[in-house]
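A short write-up of the structure that comes next.
The values are calculated or read from the model by the stated rules, or taken from the named source; none is laboratory data. Everything quoted here is computed from the prediction, not taken from an experiment. Because the Cβ atoms are built from the backbone with ideal geometry, glycine has one as well, and the counts that use them run over all protein chains shown.
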Amino acid sequence: MGKSRNTFYNPILQNYGHIKALQALIGNNKQIYSIIVFGEKATLKKIDIENENIKVINETKLLETIKTYNNEILTTEEVKESLNKVLESMSTIRQDIKTHVKNIKDTLEENKITCPRCKSELVERTGVYGKFLGCSHIQNVDILINRSNRKIYT
């Protein structure tokens, strides 16, 4: 097995967040029905959900579950309006995420410590007194960094 670890978020809690976001976009006056679908290989244990508008099912039951809903909640025009609001919100969120990632990368780049002599990347080395940073380009340049004030000693 690989060494990478992935975080698995609880789909029911994620769905709750999605429903709240939808309600904020389209308003609380419309009933939202939620169907959380797991793949056919998933084993669903006993899931206690007290809200009758939320169903947790295997994908084999999807069509059957959808067919149980036969009351029209939104008009075609309301569906279009809601969809436009969601798409607009998603494009804003995507842009926010891109900006956020860029800001993190810029901050990391700004905080990157380079060799004061040749501006090469510093690498962690181990010496007789423990770990220290050294120039990746010039082998005999040792850099000591005071972690509290980031002052560099060569």
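Just to verify a result, which residue in the range 20-53, among those that are β-branched (Val, Ile, Thr) and either surrounded by fewer than 13 Cβ atoms within 10 Å (Cβ to Cβ) or free of Cβ contacts under 8 Å to residues at least 40 places away in the same chain (or both), is nearest to Glu88 (Cα to Cα)?
Among those that are β-branched (Val, Ile, Thr) and either surrounded by fewer than 13 Cβ atoms within 10 Å (Cβ to Cβ) or free of Cβ contacts under 8 Å to residues at least 40 places away in the same chain (or both), it is Ile32.
Kindly check whether there is at least one residue in the range 36-52 that is farther than 22 Å from Glu72 by Cα, hydrophobic (A, V, I, L, M, F, W, C), in a helix (DSSP H, G or I) and modelled with pLDDT under 85.
no
Is it the case, given these coordinates, that Leu13 is in contact (Cβ under 8 Å) with a residue 24 or more places away in the chain and not hydroxyl-bearing (Ser, Thr, Tyr)?
For Leu13, the condition - in contact (Cβ under 8 Å) with a residue 24 or more places away in the chain and not hydroxyl-bearing (Ser, Thr, Tyr) - is not met.
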